[in-house]
Structure formats: structure tokens, C-alpha cells
1. Using Cβ contacts closer than 10 Å as the measure, can you line up I163, I127 from fewest to most?
2. What is the distance, in nm, between label points placed 7 Å from the Cα along the Cα-to-Cβ direction at S179 and at K134?
3. Full-extension gain between D65 and T141, please, as 0.36 nm times their residue separation minus the C-alpha to C-alpha distance.
4. For a distance above 22 Å, tell me the whole-number percent of Cα pairs in the range 40-217 that qualify.
5. Given Cβ point charges of +1 (Lys, Arg) and -1 (Asp, Glu) and nothing else, what value in debye, to the nearest 20, does the dipole of the range 80-147 about its Cα centre take?
6. What is the fewest-to-most order of R38, R140 by other Cβ atoms lying within 10 Å of their Cβ?
7. Take T112 and S78, extend 7 Å from each Cα along the Cα→Cβ direction, and tell me the distance between the two endpoints in nm.
8. How do F77, F54 rank when sorted from fewest to most other Cβ atoms within 10 Å of their own Cβ?
Amino acid sequence: MLKADFLSEIANTFFPRRCPLCGKTLEKGEVICKECARKIGAVPYVREESKKWFFDAMFFRAPYDGVMGEIVKVYKFSARWSLSTFLADKFMEVLDVFPPPKNSVLTYVPPTFKSLKEKGFDHMKTIAKKVSIKSGVSFRTLLEVKKQRKYQVGLSKEKRKEIVFGKYGVLDDELYKTSGNVVLIDDVFTTGATLNECARVLKISGASSVWVYVLAKV
Ligand SMILES: [Zn+2]
């Protein structure tokens, strides 16, 4: 058990826990009430494959515009640690329906320095490690966020956000020695630009396939 999970367990003993979405009192072992959890729905039978992406397949657990999007927001912005296991289970539900290629390695989209500072924790790494344990797909930190490039100076905040080309680097140059199949997980798929860029650099570094799994798709 992670230290933060342990601490939240102690806190929960003294304060009745409420569903972060609807406020209903939670039963023992719950982090989201049954009703809200039910609203997430079944895993959609959608496999996105397109020549326009560098990744080979993309699967999502639920639409962003719904309960899943709300849960992801609560987890990320309120640092509700106890949700990490719940969300890892949601990834597992997708992996069970759409299992990745054999001998894949599992990695995640790393946070920017700013995001890490704001949130206080590497929210996707926490989940990725749990998904790795649950699925048996070995975990590796493969990606890093590169320093802000000079040509971005002077651009508006919005413009900088749009530019993802060259933003990520591959840490593990031993990727060649693995099967080269990468499972890349992230919380939200918005335009797909970030995941596409991560897949691009992974492919340059020798990944033979990149399968993307996300919790919520816009
Ligand atoms: Zn609820």
C-alpha cells in the first residue's frame, strides 16, 4: 500500500467519506458511489486506427463528457489519491477487452514540470504502475518532457500549448532490446496531438507498435 493510500485510509476512519461527484456517503471500500460508477457504462467497442496517427491503435474507457471526465478531474486537480486504484481498474476493463500485443512494455505520458508542481504528484505514473501490476505488462518510464525550446519564447500561452512537436524525448535507449511493443496510457484524449507526438518519438526510438489507452475521450 502506498503511503498516501495508507494516510487516506486513516483519514477515512475518522471522517465519513463522500462520493466526490454526487456527495452521497460512501460504503466501505468505495471511492465513487455505485450509482456514479454505473454511469461510466460499458467499455465501448471502438478501436481507432488511422493512417494519420503514429500510434497503431487507440482505446478509451468512456467519453470525457460524462462521469469519467468528472472522475479524472477530481483525481487530477484534488489529488484524490484513493481514486488511482479505481482508475487503474477502469484501464484494466479496457485491457481485458482489447489486450495489447504480447511482451509489451507499459509507459505513460509524463507531466510537464509546471503540471507536476501544480498537482504535486505524477498522476499518470501512479496509475501506470498499478495497471502494470494488475495486467502483468512490465512498467518502464520511457518518455520525458524536454526543456522548453527557445523558439517558443514570445508565443502566447495558447500557442505554446498547441505546439507539441519535439516536446517529448525517449529516455530508454534500450527500447530496441525489448519486443518494441509499447502500451502508452494517458488520462484524456483531446486532440490526440500529445499522444501522437509521444508515439512518434517512441517509433523513432525503435518501438514497433504503440497502443494507446485512455480513460476519457473528448
Ligand atoms: Zn456518486
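Any read-out appearing in this document is the output of simple, stated calculations on the displayed coordinates, not a laboratory observation. These numbers come from a predicted model, not from an experiment. Cβ atoms come from the backbone with ideal geometry, glycine included; neighbour counts cover every protein chain shown.
1. Values: I163 14, I127 25.
Ranked by crowding around the Cβ, least crowded first: I163, I127.
2. Inter-label distance under the simple model: 2.0 nm.
3. Values: separation 76, 0.36 × 76 = 27.36 nm, distance 2.95 nm.
Result: 24.4 nm gained on full extension.
4. Values: 6714 of 15753 pairs.
In whole percent, the share of Cα-Cα pairs in the range 40-217 beyond 22 Å is 43.
5. Values: 13 positive and 6 negative charges, 65 e Å.
Roughly 320 debye, rounded to the nearest 20.
6. Details: R38 10, R140 18.
Starting with the residue having the fewest Cβ neighbours, the order is R38, R140.
7. The two pseudo-label positions are separated by 2.5 nm.
8. On the way: F77 11, F54 18.
Ordered from fewest to most neighbouring Cβ atoms within 10 Å, F77, F54 come out as F77, F54.
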